1. When the residues of segment 22-41 are narrowed to those that are out of contact with any Gly (no Cβ under 9 Å at 6 or more places or on another chain) and charged (D, E, K, R), which ends up surrounded by the fewest Cβ atoms within 10 Å (Cβ to Cβ)?
2. Considering (1) farther than 13 Å from residue 104 by Cβ; (2) part of a strand (DSSP E or B); (3) modelled with pLDDT under 95; (4) aliphatic (A, V, I, L, M), say which one residue 25 fails and leave the rest.
3. Take the residues of segment 49-68 that are touching a Phe, Trp or Tyr at 6+ places or on another chain (Cβ under 9 Å) and acidic (Asp, Glu): which is farthest from residue 79 (Cα to Cα)?
4. Residues of segment 42-59 being surrounded by fewer than 16 Cβ atoms within 10 Å (Cβ to Cβ), under 13 Å from the mean Cα position of the chain (by Cα) and of a type outside the set (D, E, K, R), which ones?
Amino acid sequence: MRGSIILFTAAVIIASGAGVRAASLTIEQSGQRFSEKSAVLKSGESLSFANKDDVSHNITVVDDDDEAADLGLQKPGEILDYRFDKTGRFKIRCSIHPGMKMTVTVK
């Protein structure tokens, strides 16, 4: 019986993530626009970019120091994830569609 309780407790801790997993927010791309104009995250959290358009996108993430991360070509239906590991303000752009832009503040 005691072994069953220990296994149950371990399973609950593993299933809950015990605070190890960072939160994630999904931003949809539709009509060549992001679903949000801005987002606020904590350091270590992620954004998922879901391409709901019938065209490809190319997401870039630019930080306060003008350092850019290019997430590469994103085909229709694909989801790309980006984890924000440092604080600051970030500009998110599609290098193919200049009207697609949003900002992310990481605290």
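1. 37
2. (1)
3. 64
4. 43, 44, 48
The values are calculated or read from the model by the stated rules, or taken from the named source; none is laboratory data. Please read these numbers as outputs of a predicted model, since none were measured by experiment. For neighbour counting, all protein chains shown are included, and Cβ atoms are generated from backbone atoms with ideal geometry for every residue, glycine included.
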